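Okay, here's the structure, questions in a sec.
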Amino acid sequence: MEGRVRAARAHGVPRILSGAATAAPDFALGLACLAGVLAPGLLPEGLRWRLPRSVLIEFTAIHCSGFLLVAWMGGWGAAKRTAYVAVLAAGYSLVLGAVALVLHDPWPVAIFWALMGNRVTGVVFGRPPDERRFQAIGITWAGTTTLYVLALCAGVLVGDGFSARGFLLTGFGYYTAVGLSELSEWGWAWRWQGVRREPSR
């Protein structure tokens with residue numbers, strides 16, 4: 001995610017445009033969730049019931065991302081990072097695979113890997129981040145976790161509890177908030193942590 005931003009800036013793309021490009025998928029998901037609440041007929045039939053459940057899979061991605069940070073915190077070499085990530089990925093895949101078998105639909109595993117594929121390969125094949133980069137990753141993760149919890153609480157309160165409507169409202173609130181945070185480069189999360197962010201290059 002942040003790699004796309006850096007690449008865009010390296011080619012002279014204005015800061016606001018690079019932030020908008022990063023935020024666009026989140027805004028699109030947020031609007032899809034809102035459409036599922038207000039005008040479900042606009043969505044393809046399969047998406048109507050997969051979308052609320054996909055919001056739940058987002059939690060597993062956030063959860064797994066937190067554990068991926070351990071590989072960097074430990075200062076491990078490539079071999080140990082690979083083994084750790086392989087065990088971690090297998091564990092999440094087995095749990096979601098069991099859900100897929102019960103539902104007779106592979107969407108839980110497919111969505112999880114769509115969300116996590118680039119993060120997993122980044123830990124395995126990427127270079128260890130420096131202290132400032134690792135701090136930025138950690139603050140972004142803390143921000144997404146906070147937004148998800150707040151959106152879930154609001155969604156289930158407004159949307160008739162743990163129902164499809166509640167999860168769609170959760171998704172709308174969460175993805176929209178993440179998109180806005182991307183536009184500001186998670187400025188609120190840096191301030192919340194009491195850390196001064198270095199200007200982006």
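The numbers here are math on the coordinates, done by the rules we state, and not lab data. Everything numeric here is computed off the predicted structure, so don't read it as measured data. Because the Cβ atoms are built from the backbone with ideal geometry, glycine has one as well, and the counts that use them run over all protein chains shown.
Once the other residues with Cβ under 15 Å from the Cβ of Phe67 are scored (Lys, Arg +1; Asp, Glu -1), what is the net sum?
+3
Most mobile of Tyr92, Tyr148, Tyr174 per a Gaussian network model of the chain (Cα springs, under 10 Å)?
Result: Tyr92 has the largest fluctuation of those listed.
Report the full-extension gain for the segment Ala98 to Gln135: residue separation times 0.36 nm, less the Cα-Cα distance, to one decimal in nm.
Stretched out fully, the Ala98 to Gln135 stretch lengthens by 9.8 nm.
Hey, another quick one. Give me the number: length gained by fully extending Trp192 to Leu180, i.e. 0.36 nm times residue separation minus the C-alpha to C-alpha distance, one decimal in nm.
The span from Trp192 to Leu180 would gain 2.7 nm if fully extended.
For Trp76 and Ala114, what is the calculated FRET efficiency with R₀ set at 30 Å and r taken between the beta-carbons, to the nearest 0.05?
0.70
Charges on Cβ only, +1 for Lys and Arg, -1 for Asp and Glu, centred on the Cα centroid of the chain; of Thr145, Leu43, Val123, which one is farthest towards the dipole's positive end?
In the chain, that residue is Val123.
Can you work out D for the range 2-192 in µm² s⁻¹ from Stokes-Einstein, where Rh is the Kirkwood radius over C-alpha pairs, the temperature is 10 °C and the viscosity is 1.306 mPa s?
89
Which value, in debye to the nearest 20, gives the size of the charge dipole of the chain about its Cα centre, when Lys and Arg are +1 and Asp and Glu are -1 at the Cβ?
For this selection, approximately 580 debye.
How high is the relative contact order of the range 2-192? Use alpha-carbon pairs under 8 Å, at least six apart in sequence, and give a whole percent.
Reported as a whole number, the value is 35 percent.
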